[in-house]
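Here is the structure we will look at, set down as structure tokens.
The values are calculated or read from the model by the stated rules, or taken from the named source; none is laboratory data. Bear in mind that the values here come from a model prediction, so they are computed numbers and not experimental data. FYI the Cβ positions are ideal-geometry reconstructions off the backbone, even for glycines, and counts take in every protein chain you see. Keep in mind that these areas ignore ligands, DNA and RNA; they rest on the heavy atoms of the full protein, side chains included. Shrake-Rupley method; radii C 1.70, N 1.55, O 1.52, S 1.80 Å.
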Amino acid sequence: MESLVEEQPKVVQEFQKIISTNMLSHAYLIDSASSKIRQQMAIWLAQSQFCDNLKDGAPDQTCQKCQTIALGDNPDVLEVKTDKQSIGVDDIKFFKKEASMAATQGKRRILIIDEAEKMTNAASNNLLKTIEEPEGNLMIIFLADSAKQLLPTIQSRVQIFHLSNKSNEDEINSLVKLGFKKEQAQRALKVTDIKYLEDISGDKYQSLVVAITNWLKEVNKQKINCFIDVQTDIMPLIENKDQQHLLFDMLNQFFSDILSIRYNFEKSTLTSVDILSNKSIKKIINMSDDLFTAEQMWKSNVSFQAILEDLSLKFVD
């Protein structure tokens, strides 16, 4: 994982100091960067607890124990992953039971929860006691797009490490192979994670940008029938759950861009024009809140199209 050290030198060095002084906490939340980099960071941290040749708090990543962890074959390193829209309380209960068993390969067990933002409130609350009073020598590592997507009660009980959002050249190159232009790929990776871009072409991504732009322009004109744009222009471009997730991320970026334009902040990503010029800042913030609520409903398996049509009505209200 040489790329991890190159991509995230600051966080790696901080962890090395913590590990060298034996000051590791029992719960961490690692966010930002890409899912690939977050996963590498979690594996690196897990390897540091089993490596036979630990040096200055860093695992060598080449010994048998390190390689076993990298391959997912260490029974003391458990990973919670799901292709579903949410991680439910039953999923958490199962892995909590597994994690509570005695370690077999070392002195501790490690539970890595990937895409922790997918946890339902019930699942998050079920973890609170475990975080506050971990059984045995258990370490929990939460991985998320943003720490803000987790319940405040979780955030307040873990140590948070923000990774650098510097784009990985490998990810840019993989998108270029899918038909993205290099600058387009760089911008897209600022909007969303690589995993939500891997099955969409550069042309289709741009078509989605245009469709959302036109929809928001209709919203800006207070056209009550703008929900028709959802049916005719947006839905034909959405083929799966990952692309639905992508649309939510793109909408969030549009709102962020517009606020940046209003406040003369940093350069925008998806639009350089205030396409919601008739909406007050307060209204845009309310729209962003409505979008957050809509995404939570989507995670609870409410119809994606119905959610967007409902948003259309809320946005013009």
The correct ranking of 114, 233, 56 by accessible area at 1.4 Å, largest first, is 56, 233, 114
To the nearest 10 degrees, how steep is helix 89-99 against the longest Cα principal axis of the chain, on a 0 to 90 scale? 20
Apply 1/(1 + (r/R0)^6) to the Cβ-Cβ distance of residue 228 and residue 264, taking R0 = 51 Å, and write down the FRET efficiency to the nearest 0.05. 0.90
Helix-only mean residue ellipticity at 222 nm for the chain, each DSSP H run of n ≥ 4 adding -39500 (n - 2.57), per residue, nearest 500: -15500 deg cm²/dmol
Expressed as a rounded percentage, what relative contact order does the chain have, with Cα pairs under 8 Å and six or more residues apart? 17
Under a plain spin-label model, where a point goes 7 Å from the Cα along Cα-to-Cβ, how far apart in nm are residue 94 and residue 213? 4.4
Whole-percent tail of the Cα-Cα distance distribution for segment 184-317, cut at 19 Å, equals 47
Given a 10 angstrom Cα cut-off, can you work out which residue in 132, 115, 295 is the most mobile in a GNM of the chain? 132
Rank 165, 173, 264 by mean-square fluctuation in a GNM of the chain with C-alpha springs under 10 angstrom and give only the top-ranked residue. 264
With N residues in the chain, what two-decimal value do you get for its Cα radius of gyration over 2.2 N^0.38 Å? 1.08
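Any idea of the accessible area per residue across the chain, 1.4 Å probe, to the nearest Å²? Before the final figure, lay out each step's value.
Values: 15430 Å² over 317 residues.
Result: 49 Å² per residue.
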Please give the contour-minus-distance gain from residue 13 to residue 297: 0.36 nm per residue of separation, less the Cα-Cα distance, rounded to one decimal in nm. 98.3 nm
Assigned charges on the beta-carbon of Lys, Arg, Asp, Glu; the chain dipole about Cα centre (debye): 580
Of 282, 299, ordered by accessible area with the largest first and a 1.4 Å probe, the sequence is 282, 299
Expressed as a whole number of Å, what is the distance separating the alpha-carbon centroids of segment 240-308 and segment 192-217? 13
I'd like to know which of 92, 153, 254 lies farthest towards the positive end of the charge dipole of the chain, counting +1 on Cβ of Lys and Arg and -1 on Cβ of Asp and Glu. 153
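Taking the Cα centre of segment 3-138 as origin, work out the dipole magnitude from +1 charges on Lys and Arg Cβ and -1 charges on Asp and Glu Cβ, in debye rounded to 20.
Working: 16 positive and 20 negative charges, 39 e Å.
About 180 debye.
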